[in-house]
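Take a look at the structure set out below.
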Amino acid sequence: MERNELYPIFLKLHKLNVLIVGGGNVGLEKLFFLLKSSPNANVEVVAPHFHLDIKALAEKHSSIILTESKFKKKMLKKRHMVIACTDDLLVNKRIYDLSQKRYLICNIADTPDLCDYYLGGIVTKGNVKIAISTNGKSPTTAKRLREFFEEVIPEDINKMVENLNDYRKTLKGDFEDKVKRMNEITASLKNTQ
């Protein structure tokens with residue numbers, strides 16, 4: 001049986017420099033979901049032309065830069081991650097190859113073999129964030145799971161998280177004692193259905 005070996009991490013995109021190459025529908029989708037999860041993400045979008053909705057997003061988010069140009073390899077300087085979603089497979093492959101030479105993590109839209117990472121489904125309720133991956137096999141399944149979790153996770157979960165954080169700060173003792181107390185208090189979460 002095949003196994004998902006991806007390692008999930010939560011990136012602080014307001015501290016990183018992201019490059020999206022492509023200004024069409026797919027570029028719009030990638031930018032929209034980055035901003036939905038990280039509204040202050042530092043993103044430069046490069047394309048000869050931009051979808052009107054990309055321009056509208058850039059107007060609402062001061063951390064977004066639009067560069068009306070074809071891709072040039074110097075655009076990879078001082079980047080942490082790259083997303084390529086042009087309609088030219090050769091350009092996308094070139095971006096991937098150049099990114100690999102610079103040790104940049106890169107995602108080539110709809111080309112799992114040319115991806116160092118995937119942009120999965122994300123559920124956010126205050127401080128609680130859940131990322132969903134299907135190992136690049138079925139974005140539709142990730143979308144449906146995201147919709148499911150958005151419905152079943154209560155809106156007030158953030159209040160519980162904040163209360164537990166306040167309680168955790170009052171605990172005395174060593175690390176093991178604190179973990180034991182927090183495990184006792186949160187054990188009932190496993191049984192709420």
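The values are calculated or read from the model by the stated rules, or taken from the named source; none is laboratory data. Just so we're clear, the structure is a prediction, and the values are computed from it rather than from any experiment. Cβ coordinates were reconstructed from backbone atoms using ideal geometry, including for glycine residues, and neighbour counts include every protein chain displayed. These accessible areas exclude ligands, DNA and RNA; they are computed on the full protein's heavy atoms, side chains included. Shrake-Rupley method; radii C 1.70, N 1.55, O 1.52, S 1.80 Å.
Okay, here's what the table says:
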quantity: Unmet requirement for ASP113, which otherwise passes all of (1) open to solvent by 60 Å² or more (accessible area, probe 1.4 Å); (2) in contact (Cβ under 8 Å) with a residue 12 or more places away in the chain; (3) not basic (Lys, Arg); calculated: (2)
quantity: Scan of the stretch 108-117 for residues that are modelled with pLDDT of 90 or more and assigned to a loop (DSSP other than H, G, I, E, B), ordered by number; calculated: ALA109, THR111, ASP116, TYR117
quantity: Hits in the stretch 1-28 - residues which are over 10 Å from the mean Cα position of the chain (by Cα), at pLDDT 95 or above and outside any strand (DSSP E or B); calculated: HIS14, LYS15, LEU16, GLY22, GLY23, GLY24, ASN25, VAL26, GLY27, LEU28
quantity: Residue satisfying all of: in the stretch 30-43; more than 12 Å from the chain's Cα centre (by Cα) and not in a loop (DSSP other than H, G, I, E, B); surrounded by the most Cβ atoms within 10 Å (Cβ to Cβ) among these; calculated: VAL43
quantity: Candidate set: the stretch 160-177, residues that are of a type in the set (D, E, K, R) and in a helix (DSSP H, G or I); chosen: the one nearest to VAL128 (Cα to Cα); calculated: GLU162
quantity: Among the residues listed as LYS78, LYS55, LYS60, LYS72, the single one being over 16 Å from the mean Cα position of the chain (by Cα) and in contact (Cβ under 8 Å) with a residue 60 or more places away in the chain; calculated: LYS78
